[in-house]
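Below is one structure, written out as structure tokens; the observations come after it.
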Amino acid sequence: MTRIRKIKDTVMQSFTWIASGISAWVLVAILVFIFSNGWKLLDRSVLFGDYHAKNIVSGFSDEHDVNATFTPPEPLEDDEVISTRFGFAVRDEIDKEKNHVHTLTWVDDHSPLRNGKITTAGPTQGKPAPFKAGMNINKLVFIDGSGEEITVGRFKQQSPQEWIPILERDAKQITEFHGKEPGGGMRGSLVATLMLIGLSLLFSVPIGIFAAIYLYAIAKQNRLTMFVRSSIELLAGVPSIIFSMMGITLIFPIIQLFGASGQSIILGSLTMAVLLLPVLIRQTEEALRSVPSSYAQASLALGATQTETLFRVVLPSARNGIFSACLLAVSRIIGESAALIFTMGTAIQDSPSVGSGATSLAVQIYVLMGGENPNFELASAISIVILILVLALNLTVKVVSALSDKKGKA
Amino acid sequence: MGNTNENYMASEAKFAKIRKRRRGTDVLFRNLFRIAGVIAAMMVILIIIFVTSRGVRPFLGSAEERVDLKYFLTGTRWRADQGIYGLGFVIINTLIVSVTGGLLALPLAILSAVLITRIAKGKLSIFLTTIVETLAAIPSVVYGVFAAGKITILVRDLANLFGISTYGGNSSLAVILLLAIMTYPTMTTLAVSGIRAVPKELDSASLALGATPTQTSFKVIVPAARSSIATGFTLGLGRAFGEATAVSMIAGNALAGPSWNPFDITRTLTSTMLTGLHETSGIDYEIRFSVGVVLMIVIVSMNLLVHAAKRRLEKKGGAVS
């Protein structure tokens, strides 16, 4: 080996290292960016809270025991102000929109704040609206010793340090309470995503498995089969935004016959079901082909029919592969956005239903990133959830296939 | 004797019945499987028919509502607010960003594939493969968030170095970088499987002739795997053309073009389809389907083009099979 050759080889080799290094660096940069922006935000209220902030006005009718005192369960922090007579603590905080809010940090189980009933007219009037930690207090109305109504709180531009002592000193009974349940959560999208997964698989898995069986057991080696195969290959190459258009032009008129109207989870699911077919068919057929043909031959030789052989012998032997195919499909559904934007709409719902529009987690990210001021924090927090789910699913697929490889070898 | 015979006859009749029923289920299920296969095969045709039939509507309607097809295909201004729909520059922009992104990713993908298959051994190779697989698994919206928060900032700072001001970094260059990142995993995966499929004899022959392992990798193995590499490139380009949500977050949606300056905002076919989402009727809504049809045509032509190029490549190196 000449020296020049050696140098050339080293240079080429270092190029390969640089190329892989770049990809590793990009992956790390993505993870660091997403986690550093979203991790702080990601807590129970973001995971399971509503997206839209809700104003709550509660009234209180019960007499309050004047002599009651409450003790907080654990030493509170310095900036929290406690009302021992009414059993709650408040802290002055800055919310996501950069406004001052007075957030409840502790509400005792027996605090009168737990007995509020909604006073705003509407279907929810009279329903209990217990104030919990995490909500914001804007305004508090109480009756003092002389029977006069007094209003305190942020509404009056008082700090908690100012208004809580007044409440402690003068209040005989709290009568009204204006609060806000802060929004910015992802529960609605999480629920919509789960619905979407369930429905998409319900439509897609049977057709996918049956089509795979067709290609595996029934289709002859002829032009028609070639055509079917290449059509499915082509379907895999169709961009997801085109599936969105298909949902509107092809599937929407069909479900309209069953009374559906406009963008809905069901429309999104049917669209996803078509989008998933190539993945499901390819993976299932591969799983079926990996079943030793001696199994099927033995079953047929024992007198089982083709259907029996397929359902009792071949499919059960291929179950790991089919399970992996479904997991990959789920991971695709979780990550999909373009195919759902037109079919499910972009209105974030707190309580989604199958017949109406909603956003999946991925579409909620898209919505949050649109407009003048993208909400990076919440988008990143949801991205973390998506990433964890998708990577966990992919890891499970790997583990399952490694396990069945091992079993196959044994 | 007679008794046995009667028994036999009875059970024979019973079995015949069972056999018939079982044959019935067999036929039924075989037809169900066939129907499922046909449905799956029909979908792509149905997509083409239905999207196209909706997409041609804006060009057929009544005179004052009609969009001029010639201007639609060649126009250089897209002002939905003024009823001007010139998609020509958008097609060019899409080609520029996708092909440049793909060409940027291709060498990186080939080099990484060589490292994974021929240089790195054991655990390191698995680790590098995992990186590629993880990149492939990241959904496009997450790439979008990253692009909007990091790539655009990078591009903005780079532009500032040259004294160019940008729209917060939203630019062709940002889209190109994003698409390079997004197409890299597909291309690498295909290149890896292509290289793995190259017969061992080629490797041994090259080494026996005195070539170094590195020389063998780049002069023999990679050319022998070019068919897979080309397939990966096509698949990657397909993803780049069709990528919608992430691109639309950073494209900036230029109103006129084409944008030759990499720091200028751009507009792609998909980002055009995603603008003005709140419209649900009228020409602004319908025109999206037309853009979708153009997108399908662009992807199919690109596939045919790469396929033709692949064929020529194969002919040229006919000796290597």
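The values are calculated or read from the model by the stated rules, or taken from the named source; none is laboratory data. Source: prediction; values computed, not measured. Because the Cβ atoms are built from the backbone with ideal geometry, glycine has one as well, and the counts that use them run over all protein chains shown.
So is B:A41 within 14 Å of chain A (Cβ to nearest Cβ), touching a Lys or Arg at 6+ places or on another chain (Cβ under 9 Å) and assigned to a helix (DSSP H, G or I) or not?
yes
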For A:S146, all conditions in the list (1) more than 16 Å from A:V81 (Cα to Cα); (2) part of a helix (DSSP H, G or I); (3) free of Cβ contacts under 8 Å to residues at least 12 places away in the same chain hold save one; what is the number of the exception?
(2)
Residues of the stretch A:289-306 classified as within 12 Å of chain B (Cβ to nearest Cβ) and either in a helix (DSSP H, G or I) or basic (K, R) (or both), total:
2
Please return the ranges of helices (runs of 4 or more DSSP H) entirely within the stretch A:161-276 where 2 or more residues are in contact (Cβ under 8 Å) with a residue 24 or more places away in the chain.
A:187-213, A:223-237, A:240-246
Any residue in the stretch A:307-316 that is modelled with pLDDT of 90 or more, within 12 Å of another protein chain (Cβ to nearest Cβ) and under 24 Å from A:T359 (Cα atoms)?
no
Subset of the stretch A:228-250 (residues that are facing chain B (nearest Cβ under 7 Å) and over 20 Å from B:L295 (Cβ atoms)):
A:V228, A:I232
Options B:R239, B:R267; residue that is under 18 Å from the mean Cα position of the chain (by Cα) and either at pLDDT 90 or above or over 21 Å from B:G88 (Cβ atoms) (or both):
B:R239
B:I221 fails exactly one of the following numbered conditions: (1) surrounded by fewer than 19 Cβ atoms within 10 Å (Cβ to Cβ); (2) part of a helix (DSSP H, G or I). What is the number of that condition?
(1)
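Looking at the structure I just gave you, is B:L207 at negative phi, in the same structural domain as B:G292 (by TED's automatic domain parsing) and either outside any helix (DSSP H, G or I) or in contact (Cβ under 8 Å) with a residue 40 or more places away in the chain (or both)?
Details: at negative phi: yes; in the same structural domain as B:G292 (by TED's automatic domain parsing): yes; either outside any helix (DSSP H, G or I) or in contact (Cβ under 8 Å) with a residue 40 or more places away in the chain (or both): no.
The answer is no for B:L207.
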Might you let me know whether the stretch B:200-223 holds any residue that is closer than 23 Å to B:I91 by Cα and within 11 Å of chain A (Cβ to nearest Cβ)?
no
When the stretch B:44-60 is checked residue by residue, the ones that are aromatic (F, W, Y) and more than 8 Å from every other protein chain (Cβ to nearest Cβ) are B:F59
Could you tell me which of the residues B:F29, B:F50, B:F15 is surrounded by fewer than 17 Cβ atoms within 10 Å (Cβ to Cβ), free of Cβ contacts under 8 Å to residues at least 60 places away in the same chain and aromatic (F, W, Y)?
B:F15
Only one residue in B:S172, B:S140, B:S98 is within 11 Å of chain A (Cβ to nearest Cβ) and modelled with pLDDT of 90 or more. Which one?
B:S140
Would it be correct to say that B:A208 is of a type in the set (A, V, I, L, M, F, W, C) and more than 27 Å from B:L135 (Cβ to Cβ)?
yes
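Scan B:T266, B:T186, B:T270 and give me the residue that is in contact with a strand residue (DSSP E or B) (Cβ under 8 Å, 6 or more places away or on another chain) and surrounded by 22 or more Cβ atoms within 10 Å (Cβ to Cβ).
Working: B:T186 fails: in contact with a strand residue (DSSP E or B) (Cβ under 8 Å, 6 or more places away or on another chain); B:T270 fails: in contact with a strand residue (DSSP E or B) (Cβ under 8 Å, 6 or more places away or on another chain).
Within the list B:T266, B:T186, B:T270, the selection yields B:T266.
So which residues in the stretch A:367-388 are over 13 Å from the mean Cα position of the chain (by Cα) and in a helix (DSSP H, G or I)? Write out each step before concluding.
Of the stretch A:367-388, the ones over 13 Å from the mean Cα position of the chain (by Cα) are A:367-377.
Those that are over 13 Å from the mean Cα position of the chain (by Cα) and in a helix (DSSP H, G or I): A:V367, A:L368, A:M369, A:F376, A:E377.
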Among (1) more than 10 Å from chain B (Cβ to nearest Cβ); (2) of a type in the set (A, V, I, L, M, F, W, C); (3) crowded, with 21+ Cβ neighbours inside 10 Å; (4) part of a helix (DSSP H, G or I) - the single one A:I348 does not satisfy:
(4)
For the stretch A:207-220, does any single residue satisfy the condition of being within 20 Å of B:N31 (Cα to Cα), buried (at least 18 other Cβ atoms within 10 Å of the Cβ), more than 9 Å from chain B (Cβ to nearest Cβ) and under 27 Å from the mean Cα position of the chain (by Cα)?
no
Unique match (being over 15 Å from B:G144 (Cβ atoms), polar (S, T, N, Q) and without any contact (Cβ under 8 Å) to a residue 60 or more places away in the chain) among A:Q306, A:Q297:
A:Q297
State whether the residues of the stretch B:110-124 include one that is in contact with a Pro (Cβ under 6 Å, 6 or more places away or on another chain) and either within 14 Å of another protein chain (Cβ to nearest Cβ) or closer than 30 Å to A:I34 by Cα (or both).
no
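Return yes or no: is A:E168 surrounded by 13 or more Cβ atoms within 10 Å (Cβ to Cβ) and either out of contact with any Ser or Thr (no Cβ under 9 Å at 6 or more places or on another chain) or not polar (S, T, N, Q) (or both)? It would help to see each step written out before you state the result.
Details: surrounded by 13 or more Cβ atoms within 10 Å (Cβ to Cβ): yes; either out of contact with any Ser or Thr (no Cβ under 9 Å at 6 or more places or on another chain) or not polar (S, T, N, Q) (or both): yes.
The answer is yes for A:E168.
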Among the listed residues A:I341, A:I281, identify the single one that is modelled with pLDDT of 90 or more, in a helix (DSSP H, G or I) and under 17 Å from A:F203 (Cα atoms).
A:I281
